[in-house]
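In what follows, a single structure is set out as structure tokens and then discussed.
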Amino acid sequence: MATSRRTLIVIAGVGVALIATAGILSLRGPASPQDDGTAAGSQDTVQQQIASAAGAFPTDVAIPVEGARVIRDTLVISVTAAGQAAAAREAKLLAQVSGPIQAIHVRENQPVGNGELLLEIDPTEYQLALDEAEAGLRRAQAQYRELTLFDSEIADSAVRAERDRAARAKSGLDQAEVQFQKAQLDLSRTKVRAPFRGRVASIRVVEGQWVRTGDELLTVVDINPIKVEVKVLEGEVGLLAPGRRAQVNFAALPGETFVGTVQTINPVIEQDTRTARVTVILPNPDGRILPGMYARVSLEARKFPDRILVPRSAILERDRRTMLFVFEGPPENGLAKWRYVTTGLQNDSLVEIVENPETEMVRPGEIVLTGGHYTLIHDARVRLVENVRQAGGRPQ
């Protein structure tokens with residue numbers, strides 16, 4: 001009985017082994033020439049699918065780039081420096097007589113004309129002094145007339161002149177005239193007027209306040225035109241000249257550029273900063289530029305005419321050599337051509353391209369790439385756009 005059970009187990013194990021072997025052979029398939037052809041056909045099908053996928057996602061797509069034309073023009077070399085706006089004219093008005101402030105007729109930032117009344121000091125005391133001086137003058141004049149009543153009959157002009165001087169001194173006429181004029185002047189000084197056309201700034205007093213002679217009352221500034229005082233390094237001062245163009249940008253007015261001219265160049269170099277003061281004049285009809293505003297100034301220094309120029313953004317460096325890309329072909333589907341070039345003079349925006357037997361040149365009218373071109377290769381397909389970012393490209 002036990003023997004029969006062991007026999008059945010052995011037979012069952014052999015059967016399982018035979019079934020497993022048949023399954024493996026079934027998976028491998030028959031090794032016949034016809035089967036080899038079927039395998040090759042399957043490989044061709046895979047290659048066709050890959051080719052189809054490549055067609056669905058083409059790699060030769062025109063990359064969006066920005067460009068600018070090469071120009072032949074005058075290259076202007078500028079000197080850049082920091083500066084500060086200041087009023088073209090500024091006057092701090094001081095009290096010339098003492099007394100209470102009777103009236104203030106202006107407010108700060110108000111435009112005023114030359115000679116316009118700004119404020120008044122109480123004139124009562126000075127009017128009384130004038131009246132007193134006028135009375136003293138009349139008394140002196142009467143006494144003088146008495147002393148010189150018959151002098152017109154004197155024939156000798158020298159004697160007549162001597163008696164006139166003596167009479168004026170004896171009557172006190174000279175002193176009375178001086179006192180009268182001084183009283184007139186003091187009375188006029190109670191009315192404070194603008195010394196020139198400008199704007200009111202920094203009113204220091206209020207109505208009813210007592211002021212003494214010499215106290216500051218207010219300031220009048222002339223800010224049209226306005227000046228910008230710039231500190232220029234001593235090594236660059238020699239490149240500048242009065243009358244040349246200047247571009248000014250103010251931190252308080254971002255995005256705006258103001259154009260003026262160099263008015264003066266101080267010939268003295270400051271020892272502590274090794275700079276010279278250069279004054280630029282700007283028109284300021286609306287009064288938007290205010291004294292004290294911080295400025296960055298670009299001063300026109302030298303001009304080099306008839307130069308081949310490209311934007312600074314076009315210049316790249318590959319393998320420690322200077323190069324750029326020139327666009328060739330229609331705008332919607334062109335090629336980026338790699339050229340090694342030699343650069344010359346440059347300013348903040350333009351670079352000169354110069355002749356060199358070891359490098360190539362660019363010609364006026366050609367288009368050089370200025371945006372989206374940093375990672376390009378020679379003969380890359382590109383298309384010109386106004387803005388690389390908006391066109392879905394990769395701005396650099």
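Give the residues of the range 75-126 that are acidic (Asp, Glu) and assigned to a loop (DSSP other than H, G, I, E, B), sorted by residue number. Steps first, please.
Our first condition is that a residue be acidic (Asp, Glu); within the range 75-126, this holds for 90, 108, 116, 120, 122, 125.
Across the range 75-126, the qualifying residues are GLU108, GLU116, ASP122.
Taken across the range 276-285, residues that are at pLDDT below 95 and in contact with a helix residue (DSSP H, G or I) (Cβ under 7 Å, 6 or more places away or on another chain) do occur, with at least one present.
Residue by residue, here is whether (1) under 28 Å from the mean Cα position of the chain (by Cα); (2) charged (D, E, K, R); (3) surrounded by fewer than 19 Cβ atoms within 10 Å (Cβ to Cβ) holds:
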{"position": "VAL326", "(1), (2), (3)": "no, no, no"}
{"position": "GLY329", "(1), (2), (3)": "no, no, yes"}
{"position": "ALA336", "(1), (2), (3)": "no, no, no"}
{"position": "VAL351", "(1), (2), (3)": "yes, no, no"}
{"position": "GLU355", "(1), (2), (3)": "no, yes, yes"}
{"position": "MET361", "(1), (2), (3)": "no, no, yes"}
{"position": "ARG389", "(1), (2), (3)": "yes, yes, yes"}
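Among the residues of the range 270-311, those that are part of a loop (DSSP other than H, G, I, E, B) and surrounded by 15 or more Cβ atoms within 10 Å (Cβ to Cβ) comprise ASN284, ILE289, LEU290, PRO291, MET293.
The values are calculated or read from the model by the stated rules, or taken from the named source; none is laboratory data. It should be emphasised that the depicted structure is a prediction, and the values quoted were computed from it without experimental measurement. Counting neighbours? That spans all protein chains shown, and the Cβs are built from the backbone with ideal geometry, glycine included.
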